[in-house]
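The values are calculated or read from the model by the stated rules, or taken from the named source; none is laboratory data. Computed from a predicted structure; not experimentally measured. Methodologically, a virtual Cβ is constructed for each residue, glycine included, from the backbone with ideal geometry; neighbour enumeration extends over all protein chains shown.
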Amino acid sequence: MYTWNMLFNMHLLVSTIILLGLINISVRGDLVAVVQIFRHGHRTPVATFSTDPYADASYWDYLDEGQLTNIGKRQHYELGQYTRKRYKNFLPTKYNSTLFYVETTDVDRTHMSAQTNVYGMFPATGTQIWRKGINWQAIPIHPANSSIFATNFFPTECAAYTPLLTAALNGEEYEELNDEYSSLFEYLTEYSGDNISDFTDVNSIWDSLKAEDTASFRLPSWTDAVYPEPLRTLEGKIFEVYTHTTQMKRFVSGLFLNEVVEYLESMANDSTSAETYRIYSGHDTNIAATLNCFGVFDPPFPPAYASTIYIELHYENWQYLVRVFTKDGDTLTQISVNGCDVDCPIADFREYLSDIILDSDTWISECNDTSTSSKVLSVGQYTDEIVTSKWGGKSN
């Protein structure tokens, strides 16, 4: 028979166990890790068209092509401030190298975007202020492995990729697209001074007009009929085609997404195993490819300057969940990865990407196997040589 004291002590013991459990949950916290991928900010055009009135470098403070502008710096400083506010209860107040890590492609504009972004996230405070009146502090930006987080439109060292892209471009979908916009191509040829014969040729026109419009330049009157639409739609198709099939997704983004998945799994297993916040500073192609691999790039579109993706690992209800958000301009949207729940269990996150992610040995093996990809070539206006010359350049 239990006495009152015995019952009281049992109640106290149970209450203590429950309280300790709640404390443990709060210490561990809801948010465990974040991977952020972003495009650099506004830059000077990387290519111009023949009649472009702003092609001269004098309009761009004599910056070289593809260089980050002051507008681009402000865009990333503001994105850094936005990120700081979004994760104010997760990010450390002061920069800490054990908790925060940044990688960038080896391009000036992505280096500089990363620098201004982390300045917005971690202005120097207290003892971190190293010079009176300046709250900027030096934070390391590390070089990304170019075979994993790439700069090129497509993996030029993957022999099996180019035939797949050639076949996609010669496929019915894009042939119909070229037929649909044939009169537009004639219009653009007349006014741009360039030979515009298919949708892939519009990139230089879109790129220049977007950069000039963002810089508040007055665009030529003839562009009113084509900018932003339908040029935006066609530019989106360019970003879609280079990850058009599952195998193309594997070649372009499989290694990178495998790195992301393995990082999240490692953090779920041991939240002290790596930095809790990781950033990849890249290009519109990196954003577009990732979104297409996630199944949320329909209809396709050219990613905005300083657009970003947040991939979050949460611990809730005794399980690890992945939540993904994309921010393009001022719009933040939570997305479902290939149909997984928006609160996607980490095991399911891997499963829903299983057709795309692969390790480096498998990537090399598949890239060297051209027997399958060669069989899918179609007869059309595109050849491997044309595709390589058009698409072998750097990302935007």
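Observations
- Scope the stretch 336-367; condition of a type in the set (Val, Ile, Thr) and buried (at least 16 other Cβ atoms within 10 Å of the Cβ); matching residues: VAL337, ILE346, ILE356, ILE357
- Some residue of the stretch 193-200 being polar (S, T, N, Q), within 18 Å of the chain's Cα centre (by Cα) and under 30 Å from ASP369 (Cα atoms): no
- Per the listing GLU240, GLU275, GLU229, the residue uniquely closer than 30 Å to ILE346 by Cα, out of contact with any Lys or Arg (no Cβ under 6 Å at 6 or more places or on another chain), surrounded by fewer than 20 Cβ atoms within 10 Å (Cβ to Cβ) and not β-branched (Val, Ile, Thr) is GLU275.
- Annotation: of all residues in the stretch 126-141 being without any contact (Cβ under 8 Å) to a residue 24 or more places away in the chain and not charged (D, E, K, R), the one that is nearest to PHE251 (Cα to Cα) is ALA138.
- Index of the failed condition, ASP52 passing every other in (1) within 19 Å of the chain's Cα centre (by Cα); (2) under 22 Å from SER395 (Cβ atoms): (1)
- Index of the failed condition, THR333 passing every other in (1) part of a strand (DSSP E or B); (2) closer than 25 Å to ARG250 by Cβ: (2)
- The conditions of being modelled with pLDDT under 95, in contact with a Leu (Cβ under 7 Å, 6 or more places away or on another chain) and either surrounded by 15 or more Cβ atoms within 10 Å (Cβ to Cβ) or not polar (S, T, N, Q) (or both) are met by PHE154.
- Which listed residue is within 29 Å of THR110 (Cα to Cα) and either in contact with a Leu (Cβ under 7 Å, 6 or more places away or on another chain) or in contact (Cβ under 8 Å) with a residue 60 or more places away in the chain (or both), from ALA167, ALA144: ALA144
- The stretch 347-363 - residue that is part of a loop (DSSP other than H, G, I, E, B) and either in contact with a helix residue (DSSP H, G or I) (Cβ under 9 Å, 6 or more places away or on another chain) or basic (Lys, Arg) (or both) and, of those, farthest from GLY295 (Cα to Cα): ASP359
- Any hit, the stretch 194-204, residues being within 26 Å of ASN70 (Cβ to Cβ), surrounded by 16 or more Cβ atoms within 10 Å (Cβ to Cβ) and either in contact with a Pro (Cβ under 7 Å, 6 or more places away or on another chain) or modelled with pLDDT of 95 or more (or both): yes
- ASP52 being free of Cβ contacts under 8 Å to residues at least 12 places away in the same chain and more than 29 Å from SER147 (Cα to Cα): no
- All positions within the stretch 56-88 that are among the aliphatic types (A, V, I, L, M), touching a residue at least 24 places away in the same chain (Cβ under 8 Å) and surrounded by fewer than 19 Cβ atoms within 10 Å (Cβ to Cβ): ILE71
- Of all the criteria given as (1) of a type in the set (S, T, N, Q); (2) farther than 24 Å from GLU259 by Cβ; (3) more than 23 Å from the chain's Cα centre (by Cα), the one not satisfied by THR98 is (2).
- Taken as a whole, the condition of being touching a Pro at 6+ places or on another chain (Cβ under 9 Å) and either modelled with pLDDT of 95 or more or small (Gly, Ala, Ser) (or both) applies to THR104.
- Subset tally (residues that are more than 17 Å from SER182 (Cα to Cα) and of a type outside the set (Phe, Trp, Tyr)) for the stretch 194-222: 15
- THR189 vs. criteria modelled with pLDDT of 95 or more and either among the charged types (D, E, K, R) or in a loop (DSSP other than H, G, I, E, B) (or both): no
- Verdict on ASP207 being of a type in the set (Asp, Glu), touching a residue at least 24 places away in the same chain (Cβ under 8 Å) and not in a helix (DSSP H, G or I): no
- Residue count for the stretch 58-73, restricted to those that are assigned to a helix (DSSP H, G or I) and touching a Ser or Thr at 6+ places or on another chain (Cβ under 8 Å): 4
- Qualifying residues in the stretch 283-302 (those that are touching a residue at least 60 places away in the same chain (Cβ under 8 Å) and over 8 Å from the mean Cα position of the chain (by Cα)) - the one nearest to ASP207 (Cα to Cα): PRO302
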